[in-house]
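What follows is a single structure, written as structure tokens, with notes after it.
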Amino acid sequence: MPKPISIVAERAGQFFMGQSPIHQAMIRLTKALNELEIPFAVAGAMAANAHGHKRTTADVNILIRNDDLERFKEKKIGLGWVNKFEGSINFRDAVCGIDIDTLIVGDYPGDGLPKPVSFPNPETVSEVGDDGIPFVSLKTLLELKLASGMTAMHRMQDSADAMNLIRVNKLPRDFAKSLDPYVATKYDELWSAAQISDEH
């Protein structure tokens, strides 16, 4: 059954004010991982928000090493955190009701097949925000979203996010030179698209 428009609007308002359950979950997760001295970085839509592309989302993506994920689960599952299902690499904040989806260091974005762009070590690509939450850098986020959109047709949102990140950050065309060559041509294509305005 569809949610009433007033509820949807209220939740969107909370989200864009940084007061939604998803923001609370990021704070809780940061505290829990910091307690265990586990490096990580928020990626996906919440990182896009941190870099200026404002859109709602229902979950949190984090970049983390597999052994660190196992250590986190060993220490924290059952203490406000639960596995999404037996054997899943993902988990859920049972307090805030938010899913946490993991991007494992060394794995590949998009179709999951080997490619020049892989999920990097979080401590080498993270930037800590004012609230103490580490987010992947804009460069890294673009590389991951471009590679994902290029190789997985069902992940077209990643290409859209990349284009909007280019637009909102007013990135120059030659920013492509700083990216992995694997995604440089796609960046140039989306850069051109980002210059087109809907205003007439």
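With 10 angstrom as the radius, rank 148, 197 by how many other C-beta atoms surround their C-beta, starting from the fewest.
197, 148
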*Shape call for the range 106-200 from the C-alpha gyration tensor, a ≥ b ≥ c root eigenvalues: rounded (a/c under 1.5), prolate (a/b greater than b/c) or oblate?*
oblate
*Taking neighbour Cβ counts within 10 Å as the exposure measure, how do 60, 105 sort from fewest upward?*
105, 60
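Okay, helix-only estimate at 222 nm for the chain: each DSSP H run of n ≥ 4 adds -39500 (n - 2.57), divide by all residues, round to 500 deg cm²/dmol; what do you get?
Mean residue ellipticity at 222 nm (helix-derived): -13500 deg cm²/dmol.
Using a cut-off of 13 Å between beta-carbons, work out the net charge of the residues near residue 190 (Lys and Arg +1, Asp and Glu -1, residue 190 not included).
Once positives and negatives cancel, what remains is -1.
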*Excluding residues on the same chain fewer than 8 positions from residue 73, give the lysines whose Cα lies under 26 Å from its Cα.*
31, 84
*Would you mind telling me the antiparallel percentage of the DSSP bridges in the chain, rounded to 5?*
60
*Ranked by Cβ crowding within 10 angstrom, fewest neighbours first, how are 156, 150, 26 ordered?*
156, 150, 26
*asked:* Using the crude model of +1 on Lys and Arg Cβ and -1 on Asp and Glu Cβ, and no other charge, please compute the dipole size for the range 59-200 relative to its Cα centre, in debye to 20.
replied: 160
*Sort out for me the Cα centre separation of the range 150-200 from the range 99-113, rounded to whole Å.*
21
*Say the dipole of the chain comes from +1 at the beta carbon of Lys and Arg and -1 at that of Asp and Glu; which of 191, 20, 44 then lies farthest toward its positive end?*
20
*Give the cross-link partners of residue 177 among the lysines, using a straight C-alpha distance below 27 Å as the criterion and excluding same-chain residues fewer than 8 apart.*
54, 115, 139, 145, 186
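Coordinate-derived values only; no laboratory data. Computed from a prediction, not measured in an experiment: that's the story for all the values here. Positions of Cβ are backbone-derived with ideal geometry, glycine not excepted, and every protein chain shown enters the neighbour counts.
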